[in-house]
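The values are calculated or read from the model by the stated rules, or taken from the named source; none is laboratory data. If you're wondering where the values come from, they're calculated on a predicted model, not measured in any experiment. Counting neighbours? That spans all protein chains shown, and the Cβs are built from the backbone with ideal geometry, glycine included. Side chains included, ligands, DNA and RNA excluded: accessible areas come from the protein's heavy atoms. Shrake-Rupley method; radii C 1.70, N 1.55, O 1.52, S 1.80 Å.
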Amino acid sequence: MSIEAIYSRRSIRKYKADKVPLNMIEKIIEAGRNAPSGKNKQPWKFTVFGGDQKDEMLLAMERGIQRELNEESLLPKDRNGLPDAINTLKIMKEAPIVIMVLDSDCKTPFERITAEYRITEIVNTLSIGAAIQNMLLQAEDLGMGTLWVGNTFFAYEELCSYLETDMQLVGAIAVGYPNEKPDVRPRKPIDSIVEYRI
């Protein structure tokens with residue numbers, strides 16, 4: 001994996017129909033597996049979907065989004081994010097591969113939230129974020145495009161039910177050959193995000 005991948009990586013929202021070879025997926029997951037993790041717990045679990053299996057899984061996500069639109073919402077304060085979730089679902093349908101990312105250490109339905117559980121959840125989320133970033137960069141290095149998806153939370157119950165898991169669903173990664181070349185998105189100036197006390 002080259003350092004240049006950090007600067008060339010983009011979030012891809014348009015994909016070619018070409019299939020992604022299994023050995024490419026394995027290299028991407030291997031990069032994630034080698035991320036640092038708090039107390040070396042390696043709390044990540046990845047479920048790879050393609051073809052009809054991906055279509056079925058995304059139907060579960062679609063059901064969750066429709067429930068949020070048509071019934072009493074489980075996330076009423078986040079309803080303004082539903083149009084983006086609908087668009088993300090379209091992108092996931094176009095991508096040949098979707099990798100669902102789970103926290104194997106935190107369970108759902110959520111246990112009583114103790115301070116210890118919350119700390120575990122935060123540390124695991126940081127660890128899983130590092131794994132996902134490794135995967136995105138490895139995919140970039142392999143000439144693949146990716147989209148880090150967080151909109152799965154709108155269909156949290158439906159997706160966990162489909163996956164038949166009590167693990168906490170963290171998000172997903174769409175993977176495929178890019179069919180676009182997005183421009184660099186603006187970044188905050190470095191002096192606005194760093195405070196030196198040295």
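At-a-glance table
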| read-out | value |
| --- | --- |
| Shape category assigned to region 25-75 from the gyration tensor of Cα positions, a/c cut at 1.5 | oblate |
| Within region 93-157, chymotrypsin sites (Phe, Trp or Tyr not before Pro) in DSSP loop having at most 14 other beta-carbon neighbours inside 10 Å | PHE110 |
| Cα-based reach from LYS181 at 18 Å (exclusive), listing aspartates and glutamates while leaving out same-chain residues under 8 positions away | GLU4, ASP18, GLU94, GLU140, ASP141 |
| Distance between modelled label sites at LYS19 and GLU71, nm, 7 Å Cα→Cβ extension | 3.7 nm |
| Sequence of LYS93, LYS77 when ordered by accessible area, the most exposed leading, probe 1.4 angstrom | LYS77, LYS93 |
| Mean accessible surface per residue for region 69-198, computed with a 1.4 Å probe while every protein chain stays in place, in Å² | 59 Å² |
| Fraction of accessible area attributable to carbon and sulfur, the chain (%, probe 1.4 Å) | 52 percent |
